[in-house]
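Beneath this line is the structure, given in structure tokens, with notes to follow.
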């Protein structure tokens, strides 16, 4: 049976709130838990409940959708809904699953929701592996095989939409697997790996050098983007003599 996605709808405009609610109610794999007219209602609801997904307006009073998205539980994902395309870049910085620009129709809503459905299906497969499988290695599906990868062999991981390229030592080409970057980021040990870009996670002990805002690993240059720069600089500071 396909995973049913529990969700909230959040918008301070009643007409938009009711429209998105109607879209949710006619989508079989979505289960509406509550509709909220502001972000503070969401905070209150999540203090006692959990949900998989939030359809979240960005411009709202008191607390914006972008601000709220940064304090949500890691397992709760977001699809932003807004009338302003200027927020598109920021929405990807906070790892939104998608971004719906108002006015959008049911076909656009369904397409974004199916992307969420795929994400949760992939996440479920990842979570159902044995609990001890992430001690010092993990398995990925690649080219019809289950491939074992040791943490110590990973150079860096590159995200390409729903796919990952996992670059490892002593291998000319990366392994390609169907999995969101956000999902594997949540599972990797924070002491060994760091997100430095929307599309890159690096193995900290594989850094050869740092030049301005780039990390060099095995002759690959990886940009350190602004949202991750402060944390990376703190790591460098703690490791410097």
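Bear in mind these aren't lab numbers, they're just calculated from the coordinates by the rules spelled out. All figures in this text were calculated on a predicted structure; none of them were measured in a lab. A quick note on method: Cβ atoms are made from the backbone with ideal geometry, for glycine too, and the neighbour counts reach across all protein chains shown.
Quick notes on this one:
- The relative contact order of the chain comes to 11 percent, based on Cα pairs under 8 Å that sit 6 or more residues apart.
- C-alpha long axis of helix 106-127 to longest principal axis of the chain, angle in °: 40
- Axis angle, to the nearest 10 degrees, between helix 226-239 and the longest C-alpha principal axis of the chain: 40 degrees.
- Stretchable slack from residue 171 to residue 41, in nm (0.36 nm times residue separation minus alpha-carbon distance): 41.8 nm
- Tilt relative to the chain, helix 14-25 - C-alpha long axis, 0 to 90 degrees, to 10: 70
- With the convex hull drawn over the C-alpha atoms of segment 131-239, the volume per residue is 106 Å³.
- Inter-site label distance for residue 3 and residue 163 at 7 Å from Cα along Cβ, in nm: 2.2
- D (Stokes-Einstein, µm²/s), Kirkwood Cα radius, the chain, 0.692 mPa s at 37 °C: 169
- The Cα atoms of segment 5-127 give a gyration tensor whose axes a ≥ b ≥ c have a/c under 1.5, which makes the shape rounded.
- Beta bridge orientation in the chain: antiparallel %, DSSP, nearest 5: 60
- Mean residue ellipticity (222 nm) of the chain, computed from DSSP H runs ≥ 4 via -39,500 (n - 2.57), nearest 500: -9000 deg cm²/dmol
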